[in-house]
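Contents: one structure, followed by commentary.
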Amino acid sequence: MFKKLFGSLTGNDTQENQIEAQAQASNDHYENDYVNEYQETEYDPETLHGTHYDVEDFDNEVETRAEAWIQDERDSGQNLQDSDIKSIYTNYRRQVYQEWNNCDSDQMIRFENANSLKYSGVQTSGFVKVDDNNPFLEPVHGISLRDYTAMCLKISAGVDYNEVCRAMGIESVIWEELNTIWPQRMGEDTSFTVTTLFGQYYAENVTLPQLENVKAEISEDGQANLEKIRTDRYFYEELAGARQAAYEYGIDGAQWILDNYGINLADFQSVAMQWMTEQNQNWNSEEIMEFSNYQQEKQKEYAAKFAAEQGGNVADDVEF
Amino acid sequence: MFGFNKQKNEETEIPEWNAELHESKERWFTFLEKLEAKMEELATAAIPELKQLLQEDEDLYKRTFHRVLAGINGQLNNIREKARDTYEQKIDSLYYDLNAQVSVLSPHHDLLSDFRTACSDRYHKDFEGKFDYWSSQIEKTQERDLEIEYQKILNEFENIKDKFSCKQCGGNITIDKIFLIETYIPCPYCKSQNTFAPSTQARMLQNIARGLAEQRTVHLYEAFETENNKERELYHQRHELSLSKIHEKDSKVLNDIKTKMDQLETDRQNAIENAPKLYQAYLRAMYDEWNKITPDLKEHNEKMYQNQLQYK
């Protein structure tokens, strides 16, 4: 029965499993042109705090309110855990921010994204703040995280790693060490600085002079489609939906995108990261919802197409 | 007179819409039965094929297997979605339609709520229960005995460890441990650097190491799970008892109930305190086992262990 359902099982699957979808998330593409009903507040571009108060006063106000509540809870015999205390602080931070800036919840989320490292110890893509002496970012064998990302981009685009090593002037032993140590650091770093920065470089499609001439093959159509998913959010969502639908019908979605649109996995993921970073920076729940619905709609359309190719779904003949 | 008779008729006569409810309920039950049969048919045919595929898939990442597994899950979910959409269109919408016409004070409103409860239970409890069952049976096809794979790697290592020689002077170089990645090894005789490249199979050791460690410590994880689930179970038992007190007048019985409730609460508090300890015991044992399998990753793993302890 599976021959009929899934067609050929022995396709070329070089595209799969290289990088798991780091960024399925939908996001939006607009240059700060969202409608903010509460325009009167002026925000610091870095911290997104209103400029009409001091950050220190803000933090003090949050602390006063949170501590009063915590004291109350303890007085009534509640046993508070660290996570409870954290969420009490988060709630008051939101409350004070919205009160003092008279803003909507989207602005509040943008503020939280911009300050995630300060308040929750975790980086957010699009707002990474890097300390010069961060030991997790020390180059390995002279290869920085940015260099490493540039190498990964080439390899996941389909270039043989030996070719990338030659261009960088390193031996494959060194590459294997890099490819062990950087992922280990990503795992160890609880602030997610390494991971988030890797994702950001990936979205920027960083490259190095040494790697300029090392190119994955890309067709003319592929190039045009790639340009289109970078600029046309709807087209990106359509392909993301199609890819998802493909997996649900036993098809290697990444390979399907390459075969039909000439876009390789590295480029596709890079664009996904690009949209996600922009979404974090310009948080707008209405647009996020719109794109997410659009992707689901497209996913359904493609699912119907794949089902038809495979002779239908198993329960198609069951009627109410 | 005074319309009493009319009211009486309204109370006793079964309303017309009841036939529609009845028919929809029948159809719904039959529909779900058919979908359940499809689920069973799909799963019973897929499970042996998936198991065979996993065994035969030569690819180290078992990509073909995973692709087919995703397809089977896609079909299973498709059946589930069909049930959900039909429930909304045929059952929920009929209920809301009639609910807007029939007052909650009407003596016939019960017919309506009974209809909804019956259809909902048939769906949310029975059908979803079967879905969960088949879904987990399909998930289980992924399980493989990692001891077998580990043994293959060990055998291979025994076989190759004395067969490596210096490319400069030809002297024998003993490989003293399983390397996970390409590594420079100095020749003990002429001191020149040799690059040792582990086999594809040996490289896989770092991918299966954690799974193998988990497999070996699963009994500790299960002990934690059992303890962790006690909290809710004891809470519900205590809650049941507290309900039984409501109409009880006999002070001796009341006292008995209270004693039982206090005991349940003590047990519950103990479970809350014990569960994290059991989790830590599991975690430590799992990491110890992991470190035994891949000693080279110990330094990294220990940092991961500390993080996991802190953020659990």
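The values are calculated or read from the model by the stated rules, or taken from the named source; none is laboratory data. Just so it is clear, the structure is predicted and the values come from calculations on it, not from any experiment. In this analysis, Cβ positions are derived from the backbone assuming ideal geometry, glycine residues included, and neighbour counts consider all displayed protein chains.
Yes/no matrix, rows are residues, columns are (1) in a loop (DSSP other than H, G, I, E, B); (2) on the phi < 0 side of the Ramachandran plot; (3) of a type in the set (D, E, K, R):
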| position | (1), (2), (3) |
| --- | --- |
| B:SER113 | no, yes, no |
| B:THR117 | no, yes, no |
| B:ASP126 | no, yes, yes |
| B:LYS130 | no, yes, yes |
| B:ILE138 | no, yes, no |
| B:ASN159 | no, yes, no |
| B:ASP162 | yes, yes, yes |
| B:PHE179 | yes, yes, no |
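Among the residues making up segment A:262-302, those that are closer than 24 Å to A:ASP252 by Cβ and charged (D, E, K, R) are A:ASP267, A:GLU297, A:LYS298, A:LYS300, A:GLU301.
Comparison of B:ILE72, B:ILE91 shows that the only residue that is modelled with pLDDT of 95 or more, touching a Lys or Arg at 6+ places or on another chain (Cβ under 8 Å) and within 11 Å of chain A (Cβ to nearest Cβ) is B:ILE91.
Quickly run through segment A:243-269 and pick out the residues that are away from chain B (no Cβ under 14 Å) and under 16 Å from A:LYS305 (Cβ atoms). Within segment A:243-269, A:ILE257, A:ASP259, A:ASN260, A:TYR261 qualify.
Quick one: in segment A:189-228, of everything that is closer than 22 Å to A:ASN113 by Cα and either in a loop (DSSP other than H, G, I, E, B) or of a type in the set (Asp, Glu) (or both), which residue is farthest from the other protein chains (Cβ to nearest Cβ)?
A:GLU204
Does A:ALA272 count as among the aliphatic types (A, V, I, L, M), under 15 Å from the mean Cα position of the chain (by Cα) and either more than 14 Å from every other protein chain (Cβ to nearest Cβ) or surrounded by fewer than 20 Cβ atoms within 10 Å (Cβ to Cβ) (or both)? Answer is yes for this residue.
Taking segment B:215-260 as the range and being within 30 Å of B:LEU146 (Cβ to Cβ), surrounded by fewer than 16 Cβ atoms within 10 Å (Cβ to Cβ) and not β-branched (Val, Ile, Thr) as the test, the residues that pass are B:HIS219, B:GLU222, B:GLU225, B:ASN229.
Can we say B:ILE173 is surrounded by 12 or more Cβ atoms within 10 Å (Cβ to Cβ), among the β-branched types (Val, Ile, Thr) and out of contact with any Phe, Trp or Tyr (no Cβ under 8 Å at 6 or more places or on another chain)? In short, no. Going by the structure shown, is A:GLY250 buried (at least 21 other Cβ atoms within 10 Å of the Cβ), on the phi > 0 side of the Ramachandran plot and outside the structural domain of A:VAL159 (by TED's automatic domain parsing)? Yes, satisfied.
Among the residues making up segment B:149-170, a single one is surrounded by 15 or more Cβ atoms within 10 Å (Cβ to Cβ) and farther than 30 Å from B:GLU58 by Cβ: B:CYS166. Taken together, the residues in segment B:34-59 that are touching a residue at least 24 places away in the same chain (Cβ under 8 Å), more than 10 Å from chain A (Cβ to nearest Cβ) and either basic (Lys, Arg) or more than 30 Å from A:PHE320 (Cα to Cα) (or both) amount to 2. Where helices (runs of 4 or more DSSP H) fall entirely within segment B:195-257, none has at least 3 residues that are within 30 Å of B:ARG268 (Cα to Cα) and in contact with a strand residue (DSSP E or B) (Cβ under 8 Å, 6 or more places away or on another chain). Report yes if some residue within segment A:88-101 is surrounded by 17 or more Cβ atoms within 10 Å (Cβ to Cβ), touching a strand residue (DSSP E or B) at 6+ places or on another chain (Cβ under 8 Å) and under 26 Å from A:VAL194 (Cβ atoms); otherwise report no. Checked against the condition, which is being surrounded by 17 or more Cβ atoms within 10 Å (Cβ to Cβ), touching a strand residue (DSSP E or B) at 6+ places or on another chain (Cβ under 8 Å) and under 26 Å from A:VAL194 (Cβ atoms), segment A:88-101 yields no hits at all.
Contact annotation: residue pairs with Cβ atoms under 7 Å, 6 or more positions apart or on different chains, pairing a residue in segment B:279-292 that is closer than 14 Å to B:LEU205 by Cα with a partner that is assigned to a helix (DSSP H, G or I), are B:GLU289/B:ALA213; B:GLU289/B:ARG216; B:TRP290/B:ALA209; B:TRP290/B:ARG210; B:TRP290/B:ALA213; B:TRP290/B:ASN301; B:ASN291/B:LYS298; B:ASN291/B:ASN301.
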